[in-house]
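Notes follow once the structure below has been shown.
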Amino acid sequence: MEHEQTIPELRKEGESGESAPDPDTSATPVPRRGGARRTVLLIAGAAVLGVLAGTVTGYAVQYHREPTALPPLAQQDVKGPKPLAVKDATTLRSINANRWHTADEDLVKKLVEVPGGARDVFSGPQSPEEFSIDHYENPSGGLGGLIADGVRRIAATRWSVNDRDFVQITLLQFQNRKGAESFQSGVNGYMPTKEFAGNNGREVPGVPEDFGRLWIDSEADEEPGYHPFRAGTAVVRRGDIVMYLKYTNNRGKIDEKVVVELAQRQAGRL
């Protein structure tokens, strides 16, 4: 009976057709993102402080250690020329001995040797001013062109044979290949004109056409009271260096084979 008295009340509620109310979810706890973020920040801060503390400790330990001596230099006593006092025999090089780089001698060493039996007129470095005076009708304009092309240094050698044949070989080194190409292009431009060789010249055997050219004057230069004058000219470029060769004869005769061989020898030295 007791069972029948309690159970019917439940049945009545079920028989009414009304479903039980949904549980209240408003109070269900939801995890907060803010708490996780703070945890990550705390861990990162601890890691940074750990690294910083380790670094400071390392500096402190190193600070109290005795310094380690460096290994000895391979050349403890580097020998160099001592500058000389100014006197009659001093030169620009001797005054600036400690500032003169050994590579500055290389250009002179690239010049061919004066042949036996010839009279050595000059061999050594040459200033742009001296080259301009020797080679240009307008030295100041020629000097300006060399400076614009970025001339770096010049070396020359001159000799004569039997007071008839005169040879001058000049090596001009520029700051870069562009300057050397500009100088070579200038020579290639004026040599074919009537005032100079009067012809288009020929290639130098063994040298690519774009890197070398040789001219023999079409006609001798004759003036009353003077021997006939004739010249052979060769220009060869290797990198930033230009070889400028001038072979002249005061009897109006030029052996082209001699000029070619000399140009090849000097080109080979480059």
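The values are calculated or read from the model by the stated rules, or taken from the named source; none is laboratory data. Since this is a predicted model, take the numbers as computed values, not measurements. Virtual Cβ from ideal backbone geometry, glycine too; neighbours counted across all protein chains shown. Ligands, DNA and RNA are excluded from the accessible area calculation, which covers all protein heavy atoms including side chains. Shrake-Rupley method; radii C 1.70, N 1.55, O 1.52, S 1.80 Å.
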Please go through the stretch 137-160 and pick out each residue that is among the charged types (D, E, K, R), at pLDDT 95 or above and exposed (fewer than 15 other Cβ atoms within 10 Å of the Cβ).
none
Does the stretch 136-152 include one or more residues that are within 12 Å of Tyr244 (Cα to Cα) and of a type outside the set (D, E, K, R)?
no
Residues of the stretch 219-235 being under 24 Å from Ala267 (Cβ atoms) and open to solvent by 40 Å² or more (accessible area, probe 1.4 Å), which ones?
Arg230
May I ask you to verify whether Thr170 is among the hydroxyl-bearing types (Ser, Thr, Tyr), at pLDDT 95 or above, touching a Ser or Thr at 6+ places or on another chain (Cβ under 6 Å) and surrounded by 12 or more Cβ atoms within 10 Å (Cβ to Cβ)?
no
How many residues does the stretch 39-87 contain that are at pLDDT 75 or above and of a type in the set (Asp, Glu)?
1
Run down Asn200, Asn250, Asn188 and say which single residue is open to solvent by less than 70 Å² (accessible area, probe 1.4 Å), polar (S, T, N, Q) and over 17 Å from Gly145 (Cβ atoms).
Asn250
Selected residue [modelled with pLDDT under 95, at positive phi and among the acidic types (Asp, Glu)] from Asp210, Asp163, Asp134:
Asp163
Scan Pro192, Pro208 and give me the residue that is more than 18 Å from Lys257 (Cβ to Cβ), of a type outside the set (Phe, Trp, Tyr) and out of contact with any strand residue (DSSP E or B) (no Cβ under 9 Å at 6 or more places or on another chain).
Pro208
